[in-house]
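Right, one structure below, let's go through it.
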């Protein structure tokens, strides 16, 4: 994960690899997780990026105790 950067005064953004992140370190102090994952490519690549990665991110947030909403 790269250092977070601030776009809005109360938001902190991180760029990294959703498949290789230590969620217990990244989510400390977080109150929400917003997924902006998406990609193009073969059907297999799209399932991995658009599906598996989002499921992983949402699952990690839920396991950390964050409320889930859509």
With a point put 7 Å past each Cα toward its Cβ, work out how far residue 43 is from residue 12 in nm, to one decimal. 4.2
Residue 56 and residue 33 label points (each 7 Å along its Cα→Cβ direction) are spaced in nm at 1.1
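Quick check on packing: order 20-29, 48-57 by the mean number of other C-beta atoms within 10 Å, highest mean leading.
Taking the mean over residues of other Cβ atoms within 10 Å, the ranking is 48-57, 20-29.
Throughout, read-outs are computed from the coordinates displayed, never taken from laboratory work. The structure presented is a predicted model; accordingly, all values stated were derived computationally and were not measured. Glycine also receives a Cβ, built like all others from the backbone with ideal geometry; neighbour counts cover every protein chain displayed.
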